[in-house]
There are 2 protein chains.
Amino acid sequence: MSSQTPFGLGPIAAQPLHEQVYERLRHALMSGQIAPGRKLTSRKLAAELGTSDMPVRSALMRLQALHALDQLANGSMILPAMTRTRFSDLMTTRLICEPAAARRAVDGLDRAGLVKLRQVAVALTAAAEDQDIDAYLLHNHDFKFSIYAACGSPSLLFLIETLWLQVGPFLRQFSGQFDNDLRGILALDYHDEIVRRLEEGDGEAAAGLLARDIREGYDFLMQNGQFE
Amino acid sequence: MSSQTPFGLGPIAAQPLHEQVYERLRHALMSGQIAPGRKLTSRKLAAELGTSDMPVRSALMRLQALHALDQLANGSMILPAMTRTRFSDLMTTRLICEPAAARRAVDGLDRAGLVKLRQVAVALTAAAEDQDIDAYLLHNHDFKFSIYAACGSPSLLFLIETLWLQVGPFLRQFSGQFDNDLRGILALDYHDEIVRRLEEGDGEAAAGLLARDIREGYDFLMQNGQFE
DNA sequence: CGATAGATTATGCGATCACAAAAAATCAGA
DNA sequence: TCTGATTTTTTGTGATCGCATAATCTATCG
């Protein structure tokens, strides 16, 4: 007799260490815990995570393959600083991919998906009214990817994910700050209308609204963001 | 005295092994040397390349991060098989990204770039007339990326590269074959007209032609490709 | 005090080892 | 000969070691 699972549910599919490290780092990036320009050395991280170098190296190289990290000439990994031109480039590419995904999401969004989407939209407006930036960003991510995941295109979804992996660390720069005048950007949100259009099956309108949403986020951050 | 370079020219910036392995594998993928469904084990590859496992592991994980390889449940890497739905998905996403890049390339293409583009277009038609599939695919890649590289958007270019990394291994299935009736697809090429439109500065028309090119390649492969 | 040479530390990189699980091969019995 | 169990091999994974270079610190001298 081997180590069979006595009950129906198997174990939580013990992931390899390098996978866990990757997820930790990815989450740390996307939640703004790492400052742009920060150097990430495998030994330091390994010591902090209580592993050896190897899993950390793997995770770092994967992140770098996705352009979430930059590699210095000597091989060190850093979270790239955000310049105006890079930000502009990334947002322009987002404007190509994300409205296209929204346009296709109408067919993939079933009733349950629309219900969930509306719930997230409510939480989103609530976070906006509460001036809770962290919750806003979290729900914003949740909202958009609930749409994109329904676009029926794994490859497009993957491209969008890599874009967010590059923009994410920068978006989080306001995380925890309270002295910014975010009321403007937080107030006007098209999310409710986007849901409405999706419910109506009007993907074109939803895509247009989403593009406006991205553009206004772009304008706001070009105004108020801290670039290098 | 250390290992200084006696002359002005330094070494060819000796790349780390894992980088060389990565390039080798990437090239092997894109030139159809690896059959879809093939399992790539780090030890076998390491033995073949004369290195240890580690650089190979790194390279494989980077490729997998870009979805150029799939990971089995036990961690083995395989070149994913191409299904009709996956191919359809990838080509649809190409249709989103690549015309957009072409549209933007008009501003980034200087005289020298246009000259080079026309040269590649000539080589492309020559390869088509010679029924030289390998040369055709090579120049086709060269042609398209000469355009995309001029789109001024590193992020969009990167997305397109990851898409090609996934489609490439499949496109090469005709490599070396001569008994297929490729005259149809090889004959009608929009490349010359694309160059002409780009020279005229009409990015919109170039994008439209490029979309047609992609669509017809898609139709051809859906008809004649070997899917799983 | 400041700059430079030397020493020390940090770091990327690659090889090797060990272990467990999976896959493959071999063998025994019907 | 076919099937099923057992052994052997393969393979992913992670840790440790050593080397060379880069970065940092220190100390000495002008």
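Read-outs: derived from the displayed coordinates by stated rules, not from any lab. What you see is a predicted model; the values in this text were computed from it and never measured. Note: ideal-geometry Cβ built from the backbone for every residue, glycine included; neighbour counts use all protein chains shown.
The HN-Hα couplings worked out from phi for the range B:73-81 by the Karplus form 6.51 cos²θ - 1.76 cosθ + 1.60 (θ = phi - 60°) are 4, 8, x, 5, 9, 9, 6, x, 5 Hz, whole numbers, x standing for Gly and Pro. Determine the shape class of the range A:17-78: with a ≥ b ≥ c the square roots of the Cα gyration tensor eigenvalues, call it rounded for a/c under 1.5, and otherwise prolate if a/b is greater than b/c, oblate otherwise. The shape class here is rounded. Of the residues A:F158, A:F143, A:F87, the one that moves most in a GNM of chain A with alpha-carbon contacts below 10 Å is A:F158.
Of B:D53, B:D134, B:D213, the residue with the greatest mean-square motion in the GNM of chain B, using alpha carbon springs below 10 Å, is B:D53. Set the Förster radius R0 to 41 Å, insert the Cβ-Cβ distance between A:V122 and B:R212 as r into 1/(1 + (r/R0)^6), and round the FRET efficiency to 0.05. Efficiency, from the Cβ-Cβ distance: 0.40. Between copies, the label points at A:E200 (set 7 angstrom from Cα along Cα-to-Cβ) are spaced 3.8 nm, reported in nanometres from shortest to longest. For the protein assembly as shown, a crude dipole built from +1 on the beta carbon of Lys and Arg and -1 on the beta carbon of Asp and Glu, taken about the Cα centre, is about 1300 debye to the nearest 20.
As a rough footprinting exposure proxy, the listed residues B:H18, A:H141 were ranked by other beta carbons within 10 Å of their own, and the order from fewest upward is A:H141, B:H18. Going from the residue with the fewest nearby Cβ atoms within 10 Å to the one with the most, B:R111, A:R94, A:R104 rank B:R111, A:R104, A:R94. In sequence order, the range B:104-113 has phi-based couplings of 7, 6, 4, 6, x, 8, 8, 4, 4, x Hz under the Karplus curve 6.51 cos²θ - 1.76 cosθ + 1.60, θ = phi - 60°, and Gly or Pro positions carry x. Inter-copy label distances at B:E228, shortest first and taken from points set 7 Å along Cα to Cβ: 4.1 nm.
Dividing the convex hull volume of the alpha carbon atoms of the protein assembly as shown by its residue count gives 220 Å³ per residue.
Helical content of chain A, expressed as a calculated mean residue ellipticity at 222 nm, amounts to -21500 deg cm²/dmol (DSSP H runs of 4 or more residues, -39,500 (n - 2.57) each, divided by residue number, nearest 500). Less than 5 angstrom separates the built amide H of B:L40 from those of B:M77, B:I78, B:L79, all sequence-distant by 5 or more or on a different chain.
Cross-link reach is defined here as a Cα-Cα straight distance under 15 Å, omitting same-chain residues fewer than 8 places apart; for A:K44 the aspartates and glutamates meeting it are A:D53. B:G217 label point (Cα plus 7 Å toward Cβ) to equivalent points in the other copies: 3.1 nm, shortest first. Straight Cα distances below 14 angstrom link A:K116 to the aspartates and glutamates A:D142, A:D192, A:E199, with same-chain residues fewer than 8 positions distant left out. The phi torsions of the range A:211-228, fed into the Karplus equation with coefficients 6.51, -1.76 and 1.60 and a -60° offset, translate into couplings of 4, 4, 4, 5, 4, 6, x, 4, 4, 4, 6, 5, 6, 9, x, 9, 9, 9 Hz, rounded to whole numbers, with Gly and Pro shown as x.
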